[in-house]
Amino acid sequence: MNQTPLDPGFFDREKNLVNLANSLLNHFGVKPFHPTLPAADSVLKGHQKVAVFLFDGMGELVLADHPKQYRYIISHKIATIYSMNPATTVAATNAFLSARYPSETGWIGWSEYFSDLKEAVDVFPNRDSLTGKKIPGPNIMEGRFPYQNLADLINGAGHKAKASFEAPIRDGKGPKSLHQFQKQANAFFQKEGGEFLYSYWTKPDSLLHKYGTHSLMIPCYIKRIQRTIKAFVKKNPDVLLFVIADHGLINVHYEDIATIPEIANCLAGPIVLEPRTPSFFVKKGMESTFEEAFISHYGDKAYLMSKAEVVKSGYFGPGKPEAKVLDLFGDYVALMRSTTCLYDSRSKEHPKFHKGHHAGGTNKERLILLSAYNV
């Protein structure tokens, strides 16, 4: 396939969320799985209490849209790091929490395919990707691809650690407002003897999806996040705080593959993973036809990889993924480099369109500002 190659930064193994997570493990006496992040290592020294606040979607270039309003966060920057490939919540948050790459965890995208079930599944809500119907029973990914998270590993090393998620996620005991977010974090360190806290918040991602990156609602909400950070830092001067995102977002538009017969006729199954990192199952014998048609229509908007190239390049992470991970996506993966999202109206009963999205190949989706407080 004759295409403009990807920038080498897509395969960064030195400055990403996994490196940061391994710095935290190393700091608390857990043997790291991968290299650590030097910028984090240097500020961790001497700190007994550490918190990480992850605000979903609050990428560096989302913050850069309003540098004066977010001056407090930006002024505490210690590094720019990369999200995962793809730059999406499923891949990125699980990579950070596990300190391992998507190729190792199996959490590689919103919609993953299970050949034994002959079904594509939206893995976070555990529902059929095509019909939107809930799949009964426990979460399929948690059953098939379990892992110990940072808090589990740090607790195992003899420290008091906790992973907190905005309610109703996980056990539903997490905060329901930014006020509770700060209050619960304060209590963990001041009353419960906590040493490490990971606390996850779903916004501004959900707002960016709904309203886009240019909505006035975004700076208003991120200013509330900034006030929450300030209040926690002032209240807990003995806690080193890192603030991160999992990815950023850009404004997008949607295109229906079903309207392009040269491509649609080659497909053997539903599009999986993400609208901005779509993965395609292609009918046997039609690979060349598909490649030519796709590059003809989207060669200037996307980078198309065969499954073999995905593995060889280490797109989802270094090393060859296990067979059960390779089974989760199709014969090809396309990384969108423009503002395009792809879907197939023939299989998706109720497609949901967002104004803002992520998982593509732009810097606004991939770059994360790592800031540190009480250093």
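The values are calculated or read from the model by the stated rules, or taken from the named source; none is laboratory data. Remember, predicted model here, so these are calculated numbers, not experimental data. Quick reminder, even Gly has a Cβ in these numbers, built from the backbone with ideal geometry, and neighbours come from all protein chains shown.
Any residue in the range 187-203 that's more than 13 Å from residue 50 (Cα to Cα): show its pairings with residues that are among the aliphatic types (A, V, I, L, M) and surrounded by 21 or more Cβ atoms within 10 Å (Cβ to Cβ) at Cβ separation under 8 Å, as long as the two are six or more apart or on different chains.
200/54; 201/54
Being of a type in the set (Ser, Thr, Tyr) and either in contact with a Ser or Thr (Cβ under 7 Å, 6 or more places away or on another chain) or surrounded by 22 or more Cβ atoms within 10 Å (Cβ to Cβ) (or both), is that true of even one residue in the range 274-285?
The answer is yes; a qualifying residue exists.
Tell me which residues, restricted to the range 108-124, are outside any strand (DSSP E or B) and surrounded by 12 or more Cβ atoms within 10 Å (Cβ to Cβ).
Filtering the range 108-124 for residues outside any strand (DSSP E or B) gives 108-110, 115-118, 123-124.
Those that are outside any strand (DSSP E or B) and surrounded by 12 or more Cβ atoms within 10 Å (Cβ to Cβ): 108, 109, 110, 123, 124.
Are any residues in the range 196-218 closer than 19 Å to residue 244 by Cβ and either over 21 Å from the mean Cα position of the chain (by Cα) or among the aliphatic types (A, V, I, L, M) (or both), and if so, which ones?
Correct list: 196, 197, 207, 208, 218.
Restricting attention to the range 3-23, and to residues there that are in contact (Cβ under 8 Å) with a residue 40 or more places away in the chain, among the polar types (S, T, N, Q) and farther than 17 Å from residue 365 by Cβ, which single residue is surrounded by the fewest Cβ atoms within 10 Å (Cβ to Cβ)?
Top of the filtered list is 4.
Among the helices (runs of 4 or more DSSP H) confined wholly to the range 273-364, which include 1 or more residues that are more than 19 Å from residue 262 (Cβ to Cβ)?
Helices (runs of 4 or more DSSP H) meeting the threshold: 307-313, 323-326.
Pick out, from the range 12-88, the helices (runs of 4 or more DSSP H) lying fully within it that include 2 or more residues that are in the same structural domain as residue 234 (by TED's automatic domain parsing) and closer than 25 Å to residue 250 by Cα.
Values: elements: 17-27, 38-44, 60-63, 71-75.
So the answer is 17-27, 60-63, 71-75.
Somewhere in the range 145-157, is a residue crowded, with 22+ Cβ neighbours inside 10 Å and under 17 Å from the mean Cα position of the chain (by Cα)? Break it down into steps so the answer makes sense when it comes.
Of all residues in the range 145-157, those crowded, with 22+ Cβ neighbours inside 10 Å come to 150, 153-154.
Now drop any that are not under 17 Å from the mean Cα position of the chain (by Cα), which leaves 150.
Yes, because at least one residue in the range 145-157 is crowded, with 22+ Cβ neighbours inside 10 Å and under 17 Å from the mean Cα position of the chain (by Cα).
Check off (1) crowded, with 17+ Cβ neighbours inside 10 Å; (2) more than 19 Å from the chain's Cα centre (by Cα); (3) in a strand (DSSP E or B) for residue 254 and give me the number that stays unchecked.
Condition not satisfied by residue 254: (1).
What number of residues within the range 24-51 are in contact (Cβ under 8 Å) with a residue 60 or more places away in the chain and surrounded by fewer than 23 Cβ atoms within 10 Å (Cβ to Cβ)?
Of the residues in the range 24-51, 13 are in contact (Cβ under 8 Å) with a residue 60 or more places away in the chain and surrounded by fewer than 23 Cβ atoms within 10 Å (Cβ to Cβ).
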